[in-house]
Amino acid sequence: YGGAPGGPAFPGQAQDPLYGYFAAVAGQDGQIDADELQRCLTQSGIAGAYKPFNVETCRLMISMLDRDMSGTLGFNEFKELWAVVNGWKQHFISFDNDSSGTVDRQELEKALVNMGFRLSPQAVTAITRRYSTHGKITFDDYIACCVKLRALTECFRRRDTSQQGFVNFQYDD
């Protein structure tokens, strides 16, 4: 995962442009937590002209890729997160039709359909209410929404072994 104190974990890692952002905030354990991820993403400029990610969104991003359940990301997980967030950023920009820096319900619905989600109008409305302020979803909230949808979809797919679109589960599952 992350680099050991005093050097990169594998040859060539130091030449990776992302490693500089990662190493600048990673602790001695070569891992980054939510606060460090927030600083790292802010320093990297991935949010562009949008406001920096809030720490709760960073916690969600970590939970999406935290395979060892440590609450942190190593460098390889960080690189994977970077690629995913960059893809979502391009997606956000392409569906922000009026270049307002936000997406509304209709723009979100088009984005979700483009990502392959088939959601009822009621579900899209509920998602919009959860992630918007006055009907507008910021980039930060869009990323939080995408993380949650990815996690829910992965969980659903693991349980829908027959791929019928239906699952049964217990309350405490």
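The values are calculated or read from the model by the stated rules, or taken from the named source; none is laboratory data. The structure presented is a predicted model; accordingly, all values stated were derived computationally and were not measured. Virtual Cβ from ideal backbone geometry, glycine too; neighbours counted across all protein chains shown. Heavy atoms of the whole protein, side chains included, go into the accessibility calculation; ligands, DNA and RNA do not. Shrake-Rupley method; radii C 1.70, N 1.55, O 1.52, S 1.80 Å.
Computed values, structure above
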item	result
Looking only at region 127-173, and only at residues there that are within 14 Å of THR102 (Cα to Cα) and part of a loop (DSSP other than H, G, I, E, B), the one that is most open to solvent (accessible area, probe 1.4 Å)	HIS134
Lone unmet requirement of (1) of a type outside the set (A, V, I, L, M, F, W, C); (2) in contact with a Phe, Trp or Tyr (Cβ under 9 Å, 6 or more places away or on another chain); (3) modelled with pLDDT of 90 or more for GLN90	(2)
Failed item, numbered, when TYR21 is tested on (1) part of a helix (DSSP H, G or I); (2) at pLDDT below 85; (3) aromatic (Phe, Trp, Tyr)	(2)
Residue in region 132-151 that is farther than 20 Å from ALA34 by Cα and basic (Lys, Arg) present	yes
Pairs with Cβ under 6 Å, 6+ apart, first in region 152-173 and without any contact (Cβ under 8 Å) to a residue 24 or more places away in the chain, second outside any loop (DSSP other than H, G, I, E, B) and open to solvent by 90 Å² or more (accessible area, probe 1.4 Å)	VAL167/ARG159
Conditions (1) more than 16 Å from TRP88 (Cβ to Cβ); (2) of a type outside the set (A, V, I, L, M); (3) not in a loop (DSSP other than H, G, I, E, B): number failed by CYS58	(1)
Residue that is modelled with the lowest pLDDT, among those in region 51-63 that are more than 18 Å from ALA83 (Cβ to Cβ) and not basic (Lys, Arg)	PRO52
Lone qualifier among VAL124, VAL113 - being in a helix (DSSP H, G or I), free of Cβ contacts under 8 Å to residues at least 24 places away in the same chain, farther than 24 Å from LEU41 by Cβ and open to solvent by 30 Å² or more (accessible area, probe 1.4 Å)	VAL113
